[in-house]
Ligand code: AMP
Ligand code: MN
Ligand code: MN
Ligand code: MN
């Protein structure tokens, strides 16, 4: 099964419409798709309709921003959720609510290091202003000719500890997992290779996630190279997690892999879609 269970549209920080994301997934051979915008499900109905018209299977999705422990930002994918569940939609609205004030502060901090007009510039890239994100700042800075690509902007200005990084309080892990489970979904740890946690801290995070009712982990992700798969496959085995396969597609050419182009999961792991179909 060519399943790809993590991607973005212009309702968050992707560049394409939900329909265009589904058309691209289909063209790349995806058989089971989702749309998992950051803290937002507004694009899901359009993606769902297009996916079905194209003959793909579809599960609804969302990527929830979480703050865990001492200022660790974690992303959790909710799959198979009822997007009309009130606790979930109210929770996501509250999470989105903090973004604009944070973006103003990012703009102020970037101005101090000589990047002017960044808030307005980023807003021009954000089709959904409630979802203004660091990706939009990055695209503006590339457009200004100050960096060659989005990744370089994160390395120079927007990553943790750099001038344009503003610590932020997102949802708690407990809230996030309870919203997803309450909406009938499966909670999956997104891109575990991105968190820069010591193995002991990672284990304590995964233990807490499981205890709260989290059930899956992305074993294949565009955030780590296929050579690293065994590290995350091993976490899935040790914690009894369902395994996900996730391009985290945002825009053509923005990461090493594209929709539907990841390798297969290690055959001994239980795919998360076995619980979704
Ligand atoms: P935010 O939710 O505003 O903190 O923005 C997070 C988004 O920035 C992620 O979902 C990615 O799309 C993007 N991002 C984070 N780190 C990087 C990176 N190192 N390179 C490219 N994009 C990144
Ligand atoms: Mn993103
Ligand atoms: Mn993410
Ligand atoms: Mn993502």
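Details
- Values of log10 I(q)/I(0) for segment 99-158 across q = 0.12, 0.27 Å⁻¹ run -0.22, -1.17, by the Debye formula with one identical scatterer at each alpha carbon and no solvent.
- Cα-only Debye scattering, segment 172-277: base-10 log of I(q)/I(0) at q = 0.15 Å⁻¹: -0.63
- From its DSSP helices (H runs of at least four residues, each -39,500 (n - 2.57)), the chain gives a residue-normalised ellipticity at 222 nm of -11000 deg cm²/dmol.
- Computed on the chain, with alpha-carbon pairs under 8 angstrom and 6+ residues apart, the relative contact order is 21 percent.
- Cα centroid of segment 74-114 to Cα centroid of segment 128-144, whole Å: 14
- Debye log10 I(q)/I(0) at q = 0.18 Å⁻¹ for segment 1-160, Cα point scatterers: -1.11
- Ranked list, fewest to most other Cβ atoms within 10 Å of each Cβ, for 165, 10, 140: 165, 10, 140
- The percentage of C-alpha pairs in segment 145-221 whose separation is greater than 16 Å is 64%.
- Estimated translational diffusion coefficient (Stokes-Einstein, Kirkwood radius over Cα pairs, 20 °C, 1.002 mPa s) of segment 107-242: 125 µm² per second.
- At 1.002 mPa s and 20 °C, Stokes D of the chain from Kirkwood alpha-carbon radius, µm² per second: 114
- GNM on the chain, alpha-carbon springs under 10 angstrom: the most fluctuating residue among 258, 37, 90 is 90.
- Stokes-Einstein translational diffusion, segment 31-79 - Kirkwood Rh over all Cα pairs, 0.890 mPa s, 25 °C, in µm²/s: 210
- With respect to the chain, whose longest principal axis is taken over its alpha-carbon atoms, helix 199-212 is tilted by about 60°.
- Stretch gain in nm, segment residue 101-residue 237, where the contour uses 0.36 nm per residue and the Cα spacing is subtracted: 44.9 nm
- Note on the chain: GNM, Cα springs under 10 Å; of 113, 229, 62, the largest mean-square fluctuation is that of 113.
- One chain, two ends: residue 268 and residue 84. Fully extended at 0.36 nm per residue, the span grows by 62.8 nm beyond their Cα-Cα distance.
- Neighbour-count order for 172, 73, fewest beta carbons within 10 angstrom listed first: 172, 73
- Alpha-carbon centroids, segment 1-51 and segment 227-249: separation in whole Å: 21
- Beta-bridge orientation, the chain: approximately 45 percent antiparallel, per DSSP, counting only bridges with both partners inside.
- Largest GNM mean-square fluctuation across 265, 131, 52, computed for the chain with C-alpha springs under 10 Å, falls on 52.
We did not get these values from a lab; they are worked out from the coordinates using the rules stated. As the structure is a prediction and not an experimental result, all values here were calculated from the model. Cβ: placed from backbone, ideal geometry, glycine included. Neighbour counts: every protein chain shown.
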